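Data first, discussion second: the structure below is written as structure tokens.
The values are calculated or read from the model by the stated rules, or taken from the named source; none is laboratory data. All values derive from a computational prediction rather than experimental measurement. Virtual Cβ from ideal backbone geometry, glycine too; neighbours counted across all protein chains shown. Note: accessible area is taken over every heavy atom of the protein model, side chains too, but ligands, DNA and RNA are not part of it. Shrake-Rupley method; radii C 1.70, N 1.55, O 1.52, S 1.80 Å.
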Amino acid sequence: MTITTKKAAQRQEPDNPYALIGGSPLMKQVYRLISKVLHSEANILLTGETGTGKELVARAIHEYGHRRTQPFVVQNCASLPDGLLESELFGYKKGAFTGADRNHQGMFDAAHNGILFLDEIGDLPLTLQAKLLRVLQEQEVRPLGNTQYHKINVRVIAATHRNLEEMVAQGEFRSDLYYRLAHFPIELPPLRERDDDIRKLAQAFLDEVAERDHRAELRLSATAEQALQRYEFPGNVRELKSMIERAVLLADDTDSIEIHHFPNLPLTVSPVHGGMLKDMVDRYERQVLIDSLKKHRGNQKNTAMALGVARRTLLYKLNKHNINSQEWRA
Ligand SMILES: Nc1ncnc2c1ncn2[C@@H]1O[C@H](COP(=O)(O)OP(=O)(O)OP(=O)(O)O)[C@@H](O)[C@H]1O
């Protein structure tokens with residue numbers, strides 16, 4: 001599993017034995033669903049926005065289920081052109097096409113007796129959807145260039161961030177394949193809807209970095225934590241993880257991670273609308289100054305130039321708004 005640090009293991013909650021971090025009600029529901037499917041043979045469809053942990057859940061189902069001693073094979077359906085994807089999935093025989101100079105084992109054969117994780121299943125072209133359906137129904141494959149099918153025993157976990165039901169309605173995804181894959185659907189909630197999980201995950205990633213780099217314990221300051229809680233996280237847990245790693249680098253050898261160590265965190269604190277004109281203009285000016293400082297990594301000369309004001313004027317305004325340009329230096 002990705003999270004294997006001592007601290008992370010200690011933090012595991014009793015109703016979550018799966019090494020996934022987070023105990024929000026929405027995630028508890030996910031853990032309940034995982035425990036239901038662990039020992040079944042049902043195909044599983046994992047849905048949810050990018051970075052919500054679909055692959056991690058698939059790995060947990062493998063690691064804690066009865067196929068744990070058998071292979072776990074990952075194939076991303078969006079990363080290859082159609083022809084290549086087909087030969088990766090089903091394999092080919094020597095001489096099947098120009099360049100096929102040896103037999104090539106497909107992913108289904110590689111995953112025999114284990115689990116095949118098909119990521120980005122919504123990107124599977126219609127021709128391959130028909131072939132996949134056949135494999136799932138018959139549990140047999142035929143490598144390209146072979147005349148014979150052979151039996152396999154593979155449990156499929158598919159994942160997508162796309163809305164497959166809508167794709168079915170649009171004729172972009174076969175409904176028969178959809179129903180076969182979605183035998184048991186599990187939806188991963190967006191990070192912004194997981195209550196306290198942002199804080200828990202952030203701390204877990206800090207612990208992970210501290211342990212990896214042999215550093216003292218790292219902590220988030222209260223303001224940094226609040227700002228993270230307010231952020232939308234379009235890239236979900238993956239985005240949080242890389243923000244934390246970047247923040248630790250920026251923080252050098254301080255142990256407290258402050259808000260200015262997250263230079264990409266948009267300031268959602270002060271909406272410009274509402275109040276007296278002067279206040280709105282002030283807030284707008286403050287936001288513009290901060291955005292521009294961020295863009296120019298705290299360089300006052302470049303910020304002043306970009307805003308078309310003298311450096312003296314910039315300094316005056318920064319002072320007036322109590323902004324420290326050092327905070328934005330990367
Ligand atoms: N609950 C969690 N606890 C700990 N780490 C997590 C959790 N969820 C996600 N992560 C981490 O976040 C990153 C993204 O997770 P993952 O690759 O599983 O997302 P995904 O939904 O499959 O993304 P995509 O749709 O882009 O393929 C990984 O580094 C993973 O380890």
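Structure values in brief
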{"item": "Descending semi-axes in whole angstrom, ellipsoid equivalent of the chain, from the Cα gyration tensor", "result": "47, 24, 19"}
{"item": "Rounded D (µm²/s) - region 106-184, Kirkwood Rh over Cα pairs, Stokes-Einstein at 20 °C, 1.002 mPa s", "result": "163"}
{"item": "Debye, to nearest 20: dipole size of the chain, +1 on Lys, Arg Cβ, -1 on Asp, Glu Cβ", "result": "600"}
{"item": "Cβ-Cβ FRET estimate between Tyr284 and Gln229, R0 fixed at 25 Å, reported to 0.05", "result": "0.55"}
{"item": "Estimated inter-spin distance, Arg102 and Ser35, nm [label 7 Å along Cα→Cβ]", "result": "4.7"}
{"item": "For region 25-188, convex hull volume per residue from C-alpha positions, Å³", "result": "109"}
{"item": "The chain, relative contact order in percent, only Cα pairs under 8 angstrom and at least six apart counted", "result": "18"}
{"item": "Ellipticity estimate at 222 nm from DSSP helix runs (n ≥ 4, -39,500 (n - 2.57)) divided over the chain, nearest 500", "result": "-13000 deg cm²/dmol"}
{"item": "Quotient of Cα Rg and 2.2 N^0.38 Å for region 277-328, N being how many residues it contains", "result": "1.03"}
{"item": "Helix 277-295 vs. the chain, principal-axis angle (Cα, 0 to 90°, nearest 10)", "result": "60"}
{"item": "Solvent-accessible heavy-atom area per residue, rounded to whole Å², over region 25-188 at 1.4 Å", "result": "48"}
{"item": "Extension gain, Glu63 back to Phe184 (0.36 nm per residue minus Cα-Cα distance, nm)", "result": "41.7 nm"}
{"item": "Accessible surface of the chain, 1.4 Å probe, proportion on carbon and sulfur as whole %", "result": "50"}
{"item": "Kirkwood hydrodynamic radius (C-alpha pairs) into Stokes-Einstein, region 212-330, 10 °C and 1.306 mPa s, D in µm²/s", "result": "101"}
{"item": "Top positive-direction residue, dipole computed over the chain with Cβ charges, set Gln137, Phe97, Trp328", "result": "Trp328"}
{"item": "Difference of contour (0.36 nm per residue) and Cα-Cα distance, Met276 to Gln137", "result": "43.4 nm"}
